[in-house]
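First up is the structure itself, then whatever we jot down about it.
The values are calculated or read from the model by the stated rules, or taken from the named source; none is laboratory data. The model shown is predicted, which means the values in this text are computed figures rather than measured ones. Quick reminder, even Gly has a Cβ in these numbers, built from the backbone with ideal geometry, and neighbours come from all protein chains shown.
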């Protein structure tokens with residue numbers, strides 16, 4: 001079962017709080033780190049771009065300056081739906097103030113329900129990067145998307161780039177082979 005389907009089902013049965021489910025969705029949709037999203041303030045979101053802009057003190061590679069996390073339509077929809085009167089997108093429940101605590105029990109329930117073995121919240125970030133690579137994006141693009149300050153950190157995904165390249169070459173070979181088998185010209 002897909003992660004979002006599990007979150008939807010758990011929400012429908014009141015097995016997970018909406019804010020916890022939305023936090024997990026936003027991490028999956030942006031490739032951001034847990035702390036970056038858990039502590040997200042409304043003032044850090046620019047819906048006109050749409051993007052999240054984190055100041056250096058708010059992200060791991062802070063010495064590189066501001067970090068821009070682009071938002072897709074699904075992430076924007078979640079964030080707009082979360083509009084509230086606090087400074088935080090994922091706030092502690094009243095009467096407490098500040099960003100929520102890490103929802104470890106909620107995550108444990110999600111991975112148990114989804115039957116994922118040892119999936120960490122941070123693995124959503126890795127999955128985001130893997131999907132970009134498998135879709136043909138360069139390692140340099142993924143480095144920028146994840147906010148890595150050093151290319152060596154992103155290089156761990158190089159094997160996926162090789163797999164994507166191999167799959168593309170196999171596809172071209174299959175096209176030419178099919179054409180040859182059917183008597184069509186291989187030239188396009």
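Do the conditions hold for residue 136, that is, is it at pLDDT below 80, surrounded by 12 or more Cβ atoms within 10 Å (Cβ to Cβ) and in contact with a strand residue (DSSP E or B) (Cβ under 7 Å, 6 or more places away or on another chain)? The answer is no for residue 136.
Restricting 75, 109 to residues that are farther than 24 Å from residue 144 by Cβ and in a helix (DSSP H, G or I) narrows the list to 109.
Could you check, for the range 52-66, whether at least one of its residues is touching a residue at least 12 places away in the same chain (Cβ under 8 Å), assigned to a helix (DSSP H, G or I) and under 29 Å from residue 115 (Cα atoms)? First the steps, then the outcome.
So the first thing to find is which residues in the range 52-66 are touching a residue at least 12 places away in the same chain (Cβ under 8 Å), and the list is 52-54, 58-61, 63-64, 66.
If we keep only those that are assigned to a helix (DSSP H, G or I) too, we end up with 58, 63-64.
Okay, now just the ones that are also under 29 Å from residue 115 (Cα atoms), so none.
No, the range 52-66 has no match at all.
Among the residues of the range 80-89, are any in a helix (DSSP H, G or I), in contact (Cβ under 8 Å) with a residue 60 or more places away in the chain and out of contact with any strand residue (DSSP E or B) (no Cβ under 9 Å at 6 or more places or on another chain)? Walk me through it before giving the result.
From the range 80-89, those in a helix (DSSP H, G or I) are 80-81; that's our starting set.
Among the residues that remain, those that are also in contact (Cβ under 8 Å) with a residue 60 or more places away in the chain are: none.
Checking the range 80-89: not a single residue is in a helix (DSSP H, G or I), in contact (Cβ under 8 Å) with a residue 60 or more places away in the chain and out of contact with any strand residue (DSSP E or B) (no Cβ under 9 Å at 6 or more places or on another chain).
Kindly provide the set of residues from the range 30-51 that are touching a residue at least 60 places away in the same chain (Cβ under 8 Å) and not in a loop (DSSP other than H, G, I, E, B), ordered by number. Give the derivation first.
In the first step, residues of the range 30-51 are kept if they are touching a residue at least 60 places away in the same chain (Cβ under 8 Å); the result is 30-34, 38-39.
Residues satisfying the conditions are 30, 34, 38.
Of everything in the range 1-18 that's touching a residue at least 60 places away in the same chain (Cβ under 8 Å) and outside any helix (DSSP H, G or I), which residue is farthest from residue 108 (Cα to Cα)? Across the range 1-18, the extreme among qualifying residues is 1.
For every residue, the table says whether it meets (1) modelled with pLDDT under 95; (2) touching a helix residue (DSSP H, G or I) at 6+ places or on another chain (Cβ under 7 Å); (3) closer than 15 Å to residue 3 by Cβ.
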| site | (1), (2), (3) |
| --- | --- |
| 24 | no, yes, yes |
| 46 | no, no, no |
| 50 | no, yes, no |
| 55 | yes, no, no |
| 60 | yes, no, no |
| 86 | yes, no, no |
| 90 | no, yes, no |
| 95 | yes, no, no |
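Any residue that is at pLDDT below 70 and surrounded by 12 or more Cβ atoms within 10 Å (Cβ to Cβ) - is there at least one of those in the range 120-129?
Initially, the range 120-129 is screened for residues at pLDDT below 70, giving none.
No - not one qualifying residue is present in the range 120-129.
Taken over the range 43-58, the criterion of being surrounded by fewer than 16 Cβ atoms within 10 Å (Cβ to Cβ) and closer than 18 Å to residue 100 by Cα is satisfied by 43 alone.
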